[in-house]
1. Does residue 4 qualify as being free of Cβ contacts under 8 Å to residues at least 60 places away in the same chain, among the aliphatic types (A, V, I, L, M) and touching a His at 6+ places or on another chain (Cβ under 9 Å)?
2. Looking at the range 9-37, which of its residues are open to solvent by 50 Å² or more (accessible area, probe 1.4 Å) and not in a helix (DSSP H, G or I)?
3. Looking at 34, 67, 41, 71, can you tell me which residue is of a type in the set (A, V, I, L, M) and modelled with pLDDT of 90 or more?
4. Can you find a residue in the range 45-59 that is open to solvent by 100 Å² or more (accessible area, probe 1.4 Å) and either touching a helix residue (DSSP H, G or I) at 6+ places or on another chain (Cβ under 6 Å) or among the hydroxyl-bearing types (Ser, Thr, Tyr) (or both)?
5. Suppose we filter 57, 6, 40 for residues that are more than 16 Å from the chain's Cα centre (by Cα), acidic (Asp, Glu) and assigned to a helix (DSSP H, G or I); which single one remains?
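The values are calculated or read from the model by the stated rules, or taken from the named source; none is laboratory data. Small disclaimer: the values here were computed from a predicted structure and weren't measured. For neighbour counting, all protein chains shown are included, and Cβ atoms are generated from backbone atoms with ideal geometry for every residue, glycine included. Calculation scope for accessible area: heavy atoms of the full protein, side chains included, ligands and nucleic acids excluded. Shrake-Rupley method; radii C 1.70, N 1.55, O 1.52, S 1.80 Å.
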Amino acid sequence: MKHLKDVNETYIEHCYHAMTIGVYLIKCGLSQMIHAILPDINPPFKSDLNSIIIFLDSKRTNNRKEIKKTI
């Protein structure tokens, strides 16, 4: 699979990262919908926009490669 070679990950590693991102984004989406209805409640689970940006940046392929090199 070309994509796995491009990102230098095994199928299991790639599946783990993609699932982690997907579950996190679903959780954030639900939290934001609750926040939309009840604006006085801050979004839980680090689902505010700054936390989402930081999380997604940490999951970029280049950032994952840097972490992998140090292990």
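1. Criteria met by residue 4.
2. Within the range 9-37, just 10 meets the criteria.
3. Working: 67 fails: modelled with pLDDT of 90 or more; 41 fails: modelled with pLDDT of 90 or more; 71 fails: modelled with pLDDT of 90 or more.
The conditions single out 34.
4. Here is the first cut: in the range 45-59, the ones open to solvent by 100 Å² or more (accessible area, probe 1.4 Å) are 45-46, 49-50, 53-54.
Next cut, either touching a helix residue (DSSP H, G or I) at 6+ places or on another chain (Cβ under 6 Å) or among the hydroxyl-bearing types (Ser, Thr, Tyr) (or both) only: 45.
Yes, that holds for at least one residue.
5. 6
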